[in-house]
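The values are calculated or read from the model by the stated rules, or taken from the named source; none is laboratory data. Treat the numbers as computed from the prediction; the structure is a model and nothing was measured. Cβ placement follows ideal geometry from the backbone for every residue including glycine, while neighbour counts extend to all protein chains displayed.
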Amino acid sequence: MALYNLSNTSYSGKMNERTHQYNNYINQAEALRIKNENKPTLEEAELYQAAARVCGEIMAINNTQRNVYGQWKARRDDCIKTMERIVAAINPAPAKAPETTASRTIESSDRAVSNTTASGFKTNNACKDVPAATIESWYKSMPKHSFADVTGMDDVKDLLMNHVSSSGWSRLDEILGIPPFQSFFLYGAPGTGKTFIIEAFAHEMMQKGFKFIRLLGGDIHASLVGVAEKTVEIAFQEAIDNEPCIIFIDEIENVCVSRSQNNIEGHEKRLTVAFLEAYNLLKSSGKRVIFLGATNYPSMVDEAMLDRIQLVRIPLPDYETRLNFFKDTFNVLQPAADFTFEEMAQSTENYSFRDLGRLADTIAINIKSQAMDEYAVVDENEKIDEEMTSKMAVDAIVKGELAVTRELFSKIQGEMPPSDKTKINEEIEAFEKRVKGINS
Ligand SMILES: Nc1ncnc2c1ncn2[C@@H]1O[C@H](COP(=O)(O)OP(=O)(O)OP(=O)(O)O)[C@@H](O)[C@H]1O
Ligand SMILES: [Mg+2]
């Protein structure tokens with residue numbers, strides 16, 4: 001049986017835990033303010049920052065539920081505004097000359113900060129707000145799964161694969177005018193495999209010597225005032241300094257928020273501008289860097305970005321892909337005699353990979369508990385001999401005595417329907433119509 005990461009925390013469990021954390025941070029911040037006789041402190045700002053980060057996590061859990069997502073986004077914006085106010089009160093900013101579009105350099109006072117970490121990681125870009133240890137944490141080790149583990153998605157694989165084969169950026173590319181910098185923007189409903197395929201792509205490219213930098217848009221957005229912009233600037237500079245390199249920003253709608261939205265906040269606008277400036281520098285650097293962004297909410301991303309990047313829609317898995325998914329995932333476990341993988345695939349239209357994975361996990365757990373009941377081997381002390389029981393159950397699965405019945409499949413399907421994608425699909429359709437307008 002192919003392995004899945006079993007998530008043992010339910011939606012409500014996760015929500016309760018995060019909501020509790022959020023309330024805790026806010027209560028602590030308010031208590032601190034009273035204790036300090038209304039004097040703002042950095043510790044208080046950090047508590048609002050932590051609360052903002054939790055809001056980001058809650059937004060990610062609710063990325064298909066616009067209302068809940070919006071409520072927590074509003075809370076996150078409030079936390080960030082409060083944090084900005086506190087920091088400004090502690091440390092009033094000196095009058096600044098207006099910024100130009102030229103590259104913004106890292107302040108000289110920051111240069112005194114160590115550029116090396118305890119583990120020996122080196123960078124040229126550490127500063128007070130973004131220390132070397134933080135930068136080190138952006139570099140990811142090679143993801144375990146490769147393109148071979150990605151079911152279906154052949155078009156996307158082909159598109160990216162062209163870059164795998166030309167990753168040497170040879171004289172041929174030069175003659176053909178293929179630029180060393182490439183960028184892709186993957187969008188689609190939640191659970192369709194955007195992150196998964198990008199990780200698989202990184203696996204392939206790392207085998208060719210590329211480094212892999214990965215940041216989460218939500219984390220950047222929730223950084224302390226001014227730090228978010230610096231983070232983006234430094235991350236892009238790292239990619240330039242470490243070519244060949246992939247830089248992947250997941251949940252990109254948090255760092256490149258569309259400036260044409262009505263309710264855009266000042267800090268979001270500044271971050272978008274910083275992001276676009278850093279992106280332009282990266283693009284014009286002439287370095288072998290591949291930029292990847294992913295989102296469920298393409299319409300929330302700034303138009304200037306959409307204009308600069310190759311848009312790639314990630315659809316829900318089609319019939320053939322679902323069929324292969326069930327075959328790969330169930331592997332040795334077969335459908336019962338009167339049931340087929342084809343029927344499984346037919347009955348799961350509108351399922352994302354995440355929905356399919358949840359369904360398959362739950363079926364596997366059910367089969368396991370059925371096996372533990374039916375094939376239990378008891379030792380002389382009347383205790384279950386787990387090893388023997390497991391061996392008997394495996395034999396039964398291999399022989400087809402224990403199989404996925406239509407009844408079990410339908411029962412679990414009824415208990416866990418696929419996530420509702422109506423709204424998000426409508427938004428994506430509207431986005432595609434709009435983009436056609438922009439690009440035509
Ligand atoms: N092509 C695939 N083949 C097999 N399994 C897949 C594939 N794509 C995704 N999965 C499985 O589905 C899960 C969800 O995929 P993933 O997290 O990449 O979706 P996503 O589009 O990034 O979702 P979100 O928008 O919520 O971030 C993955 O953890 C992986 O186990
Ligand atoms: Mg993802």
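Within region 267-294, being in contact with a Cys (Cβ under 9 Å, 6 or more places away or on another chain) and in contact (Cβ under 8 Å) with a residue 40 or more places away in the chain holds for 271, 275, 279, 287, 288, 289, 290, 293.
Might you check whether a residue that is surrounded by 21 or more Cβ atoms within 10 Å (Cβ to Cβ), aliphatic (A, V, I, L, M) and out of contact with any strand residue (DSSP E or B) (no Cβ under 6 Å at 6 or more places or on another chain) occurs anywhere in region 309-319? Yes: one or more hits. Among the residues that make up region 287-305, is at least one of them surrounded by fewer than 16 Cβ atoms within 10 Å (Cβ to Cβ) and of a type in the set (Lys, Arg)? Checked against the condition, which is being surrounded by fewer than 16 Cβ atoms within 10 Å (Cβ to Cβ) and of a type in the set (Lys, Arg), region 287-305 yields no hits at all. Against the numbered list (1) surrounded by fewer than 22 Cβ atoms within 10 Å (Cβ to Cβ); (2) assigned to a loop (DSSP other than H, G, I, E, B), residue 281 comes up short only at (2). Scanning region 27-49 for residues that are touching a residue at least 12 places away in the same chain (Cβ under 8 Å), in a helix (DSSP H, G or I) and surrounded by fewer than 19 Cβ atoms within 10 Å (Cβ to Cβ) returns 28, 32, 42, 46.
Contact annotation: residue pairs with Cβ atoms under 7 Å, 6 or more positions apart or on different chains, pairing a residue in region 195-222 that is touching a residue at least 12 places away in the same chain (Cβ under 8 Å) and within 16 Å of ligand 1 (Cβ to nearest atom) with a partner that is among the charged types (D, E, K, R) and assigned to a helix (DSSP H, G or I), are 200/149; 217/253; 219/53. Of the residues that sit in region 224-253 and are assigned to a helix (DSSP H, G or I) and among the polar types (S, T, N, Q), which one is farthest from ligand 1 (Cβ to nearest atom)? Here the answer is 237.
For region 62-94, the tally of residues that are crowded, with 18+ Cβ neighbours inside 10 Å and of a type in the set (A, V, I, L, M) stands at 4. Residue 219 meets the stated requirement of being among the charged types (D, E, K, R), out of contact with any Leu (no Cβ under 8 Å at 6 or more places or on another chain) and within 16 Å of ligand 2 (Cβ to nearest atom).
Scoring residue 265 on the criteria (1) under 30 Å from residue 347 (Cα atoms); (2) in contact with a helix residue (DSSP H, G or I) (Cβ under 6 Å, 6 or more places away or on another chain); (3) among the charged types (D, E, K, R) leaves a single failure, condition (1).
Which residues, taken from region 277-325, are among the polar types (S, T, N, Q) and within 16 Å of ligand 1 (Cβ to nearest atom)? Listed by number, the residues that qualify are 295, 296, 299, 321, 324. Just one residue in the set 118, 126, 97, 189 is within 16 Å of ligand 1 (Cβ to nearest atom) and either at pLDDT below 90 or closer than 28 Å to residue 273 by Cα (or both); that residue is 189. Filtered by the rule that a residue be touching a residue at least 24 places away in the same chain (Cβ under 8 Å) and farther than 10 Å from residue 322 by Cα, region 335-346 gives 335, 336, 337, 338, 339, 343. Those helices (runs of 4 or more DSSP H) of region 310-392 in which at least 2 residues are farther than 14 Å from residue 409 by Cα, considering only elements entirely within it, cover 319-330, 353-374. Return yes when residue 358 is within 16 Å of ligand 2 (Cβ to nearest atom), within 29 Å of residue 190 (Cβ to Cβ) and surrounded by fewer than 19 Cβ atoms within 10 Å (Cβ to Cβ) and no when it is not. So residue 358 fails the test. Summed over region 372-427, residues that are among the polar types (S, T, N, Q) and more than 20 Å from residue 335 (Cβ to Cβ) total 6.
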